[in-house]
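The values are calculated or read from the model by the stated rules, or taken from the named source; none is laboratory data. All figures in this text were calculated on a predicted structure; none of them were measured in a lab. All Cβ positions, glycine included, derive from the backbone under ideal geometry; neighbour counts span all protein chains shown. Protein only, heavy atoms only, side chains kept; ligands, DNA and RNA dropped before computing areas. Shrake-Rupley method; radii C 1.70, N 1.55, O 1.52, S 1.80 Å.
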Amino acid sequence: MTAAAQRTAPPGGSRRLPGVLRLGAARAAFEVRLFFRERDAIVFIFAYPVIMLAIFSTVFGQDGGRVGPSPGIPYAQYFLPGMVATGVMLSSFQSVALMIAAERDEGALKRLRGTPLPASAYFLGKVGQVLAVSIVQTALLLALAATAFDVPMPRSASSWAVFAWVFVLGTATGTVCGVAFSSVPRSGRSASAVVTPIVLVLQFISGVFFVFNDLPTWMQQVASVFPLKWMAQGMRSVFLPAGAQSFEVSGSWQHGATAAVLGAWLVLGLVVGVRTFRWRRRDDG
């Protein structure tokens, strides 16, 4: 063997690692198995949107109550898009921020950083896990809405196309922002106290639990800065009748603005995440 070949050959004749995409897929499969071992997380993330939809649809929909002028929209149909959006936020932003903070606190990230696994494969694994969980969660929510509350599902390919890009872009944005925000809590134990209130506030001001048009103007303006409002509005354009866009503050679905805001938060999350992500605890050097 020549000197050049000796320098490029792997030590001990070992094979090179698979590509990043293959490692990311393997990591995603591992993350999914790990997620389904956490029974409390499964119950909260899967059951929360379903329970909220049932509660709000039952309370507000008493005696045939509807949203908007006659004939109006059943409350179950109106609240479904917001619950889909908040489910995506729980599975992506909240879940990722809490998981990474806990893994960092336990030293798992430090140990992982010492392995040959590329950082990009680790983050691809998180994205894959979030996407898989969000798909299952959304499927369960839509099945409940259709069977228990007779919510009509979209029939046109264009509506499902809008659903697909809002869902994928919202999931990616929530995941990236969750990675970036995971460095904010000082420890894994305090992460829930930091992340959960933010998620709850955004749900109340983003048209998830209330008709967005009925909220105070200042609250609408604050909500318009954040992704959840736009995810909920994008989902309303899918599951509500075309005429329901007159209920929106702008009088239209604003698909372009939805894509722009979600895309801006995706880029912002990437930039902040790259600059602030930590593999070790603050007190670990």
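Descriptive notes on the structure:
- When residues of region 208-243 are limited to those that are in contact with a Gly (Cβ under 6 Å, 6 or more places away or on another chain) and open to solvent by less than 10 Å² (accessible area, probe 1.4 Å), the one farthest from Val88 (Cα to Cα): Val208
- Some residue of region 173-188 being exposed (fewer than 13 other Cβ atoms within 10 Å of the Cβ) and on the phi < 0 side of the Ramachandran plot: no
- Qualifying residue in region 154-162 (condition: in contact with a Gly (Cβ under 8 Å, 6 or more places away or on another chain) and part of a helix (DSSP H, G or I)): yes
- Restricting attention to region 1-35, the residues being β-branched (Val, Ile, Thr) and either at pLDDT 85 or above or open to solvent by less than 80 Å² (accessible area, probe 1.4 Å) (or both) number 2.
- Yes/no for Val168 being under 30 Å from Asp105 (Cα atoms) and surrounded by fewer than 18 Cβ atoms within 10 Å (Cβ to Cβ): yes
- Residues in region 207-243 that are aromatic (Phe, Trp, Tyr), farther than 24 Å from Gly178 by Cβ and not in a helix (DSSP H, G or I): Phe210 only.
- Some residue of region 78-101 being at pLDDT below 85 and of a type outside the set (Gly, Ala, Ser): no
- Looking at Ala145, Ala121, just one residue is of a type in the set (A, V, I, L, M), within 26 Å of Leu266 (Cα to Cα) and modelled with pLDDT under 95, and that residue is Ala121.
- Taken as a whole, the structure places Ser246 among residues that are touching a Gly at 6+ places or on another chain (Cβ under 9 Å), part of a helix (DSSP H, G or I) and open to solvent by 50 Å² or more (accessible area, probe 1.4 Å).
- Condition check for Arg278: part of a loop (DSSP other than H, G, I, E, B), in contact with a Ser or Thr (Cβ under 9 Å, 6 or more places away or on another chain) and either at pLDDT below 95 or farther than 22 Å from Ala119 by Cβ (or both): yes
- Scanning region 255-278 turns up no residue that is surrounded by 14 or more Cβ atoms within 10 Å (Cβ to Cβ), in contact with a strand residue (DSSP E or B) (Cβ under 7 Å, 6 or more places away or on another chain), under 30 Å from Gly68 (Cα atoms) and touching a residue at least 40 places away in the same chain (Cβ under 8 Å).
- The helices (runs of 4 or more DSSP H) located wholly in region 50-148 that include 2 or more residues which are surrounded by 23 or more Cβ atoms within 10 Å (Cβ to Cβ) occupy 75-89, 95-105, 119-148.
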